[in-house]
Each structure stands twice: as C-alpha cells, then as structure tokens.
Amino acid sequence: MVARGVFLLFSLLLAAPSLAQSGDPSGLMAAMRDAYERLDYDTAERRAREALTAYDAFSADQLVEVHTTLGLILHARNEPLEARAQFAAALSLDPSLELDPLLVSPKTMDFFEEIKADGRSTERIDQAPTIRYVRVRDLRPAATLRSLAVPGWGQLYKGDRTKGWALISIWSATVAGTVAAHLLRSNARQAYLDATNPDEIAGQFDTFVAWHRTRSAFALGAATVWGVAALDALILGGPAQRAVIAGPGIGAGWGVRIQF
C-alpha cells in the first residue's frame with residue numbers, strides 16, 4: 001500500500017507541470033512559444049493542439065497565434081492541406097494578419113499570401129474536421145458611450161427601441177422639469193428677497209423652499225436615469241453566444257455547434 005501511494009504521488013508530481021499548463025492559458029501559450037523558438041516542433045504542436053481542445057479559455061489574439069504556429073509547423077513538414085486549414089482559421093479571426101518575412105521562409109510567405117488573397121479559406125477540403133470561428137460583435141462599449149451622451153441612445157444603438165425611447169423620454173422630462181423648477185426657484189428667491197411684509201416674507205420663503213426641493217428631485221431623477229441607462233448599456237445586451245463551425249470534409253456536410 002505504501003509503495004502504491006508513493007507511485008501515485010510520483011505520477012501526480014510528474015503530471016503537475018502538464019496540468020498547470022493546460023489549465024493556464026498564459027502558461028500553455030508560453031510553453032508553445034518556447035518550444036517553437038527552440039525548433040522543438042513536436043512539443044510546440046502538442047501544446048498548440050492542447051490549446052485548441054480548450055479554445056474557450058483563450059482570447060481571439062491567442063487563438064490567432066496558435067493557428068498560425070500550427071500552420072507554420074505543418075507547412076514546414078510539407079503538410080499543405082492541414083497547414084492551409086490552420087492559416088485559414090487564423091485569418092477568419094484576424095483578416096489583416098501578416099507574417100514576419102524575417103522569421104518565415106519565402107516559400108511559406110507565398111503559401112500564406114496565396115490563402116489570404118484568393119479567399120480559399122471557405123473551401124471544403126478533404127481532411128479531418130477543422131474549426132472555423134464566427135466573431136460576434138460586442139455593441140456594449142459603443143452603446144455605453146452613446147448612453148453617457150444621451151440616455152437611451154445606446155439602447156437604440158443596440159436595437160432595443162422600446163427601452164431606448166422610454167429612457168430618452170423619461171430623461172428629457174426630468175431635465176425639462178429641472179430647468180423649469182430652477183427658473184421658478186430663481187423667481188421665488190427674488191420675490192422672497194424683495195418682500196418687506198413679514199407675512200409675505202414667510203409665504204415667499206415657503207414657495208422658494210418648495211421649488212428648491214422640486215428642482216433637486218427632478219435633478220436627482222435625471223441623474224438616476226442617466227446612470228441606469230449607462231449601466232444598462234454597459235452590462236446588458238452583450239454577445240449571447242459563441243459559434244464554432246466544424247467542417248468534416250467533402251461528402252459529410254457541414255455542422256454547426258452553438259455554445260451559450
């Protein structure tokens with residue numbers, strides 16, 4: 001039993017670096033880069049494929065680097081079909097992707113530029129299933145800026161017209177009420193200052209206080225609507241799904257898998 005426990009402990013210690021790298025996107029990316037720079041293509045390929053099995057944990061830029069690295073390795077091994085698929089996946093995420101001519105051979109540069117120029121990244125190639133990415137645009141940053149300028153504008157930008165017009169209407173009403181109450185408060189203050197009769201002074205003062213409180217209430221309402229609209233634009237209405245399209249090859253049709 002003791003020997004078995006020692007063996008299990010030793011196995012876990014050996015597996016710990018691999019587990020840590022697979023659970024840490026940054027560590028896995030660093031391991032892939034290090035292996036590639038050392039020309040250890042077998043290790044670099046293994047790390048890259050590990051990353052693709054858990055692509056959800058990686059950013060778009062990281063996935064571009066993974067697919068590009070795989071494409072470079074596979075093309076160097078004279079596997080153009082799969083190399084083409086990897087470069088195509090990278091270009092689907094970043095159509096403006098460029099390779100460094102100082103680090104990439106002219107032959108690979110020509111191969112990559114051919115894929116980029118002729119648009120063959122959407123062709124069905126007779127090969128193992130490949131991953132295609134669908135980029136979902138996040139409207140929230142631009143919507144937030146619009147709602148900071150005019151509450152409700154961001155909601156209209158995201159397509160929520162009912163909420164957008166409701167926020168615009170409420171905010172406009174509270175702003176108009178604030179302006180009107182401020183003008184009436186100014187008039188009441190002047191009337192209070194001009195009053196000479198004690199009874200008149202007390203009445204004018206009560207009127208001034210009433211309009212002062214009304215102005216504060218309208219201003220608080222306008223500020224609340226402004227804050228709610230900005231937070232709504234920032235938090236709600238983001239990309240609802242991540243889509244991954246798998247192409248199983250000629251004759252097998254195309255499959256679509258949506259992750260919510």
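The values are calculated or read from the model by the stated rules, or taken from the named source; none is laboratory data. The shown structure was predicted, so the numbers you read here are calculated from the model rather than taken from an experiment. Cβ atoms come from the backbone with ideal geometry, glycine included; neighbour counts cover every protein chain shown.
Quick check on my filter: what residues within the range 146-161 are closer than 15 Å to Ala223 by Cβ and surrounded by 24 or more Cβ atoms within 10 Å (Cβ to Cβ)? Ser147, Pro151, Gly152 - these are the residues of the range 146-161 that are closer than 15 Å to Ala223 by Cβ and surrounded by 24 or more Cβ atoms within 10 Å (Cβ to Cβ).
Checking every residue in the range 170-184 against the condition of being in contact (Cβ under 8 Å) with a residue 40 or more places away in the chain, in a helix (DSSP H, G or I), crowded, with 16+ Cβ neighbours inside 10 Å and of a type in the set (A, V, I, L, M) gives at least one match.
In the range 102-153, which residues are of a type in the set (Val, Ile, Thr), at pLDDT 90 or above and not assigned by TED's automatic domain parsing to the domain that holds Tyr55? Of everything in the range 102-153, those that are of a type in the set (Val, Ile, Thr), at pLDDT 90 or above and not assigned by TED's automatic domain parsing to the domain that holds Tyr55 turn out to be Thr144, Val150. Among residues of the range 88-106 that are under 17 Å from Tyr36 (Cα atoms), none has a beta-carbon under 7 Å from a residue that is polar (S, T, N, Q) and exposed (fewer than 10 other Cβ atoms within 10 Å of the Cβ) at least six positions away or on a different chain.
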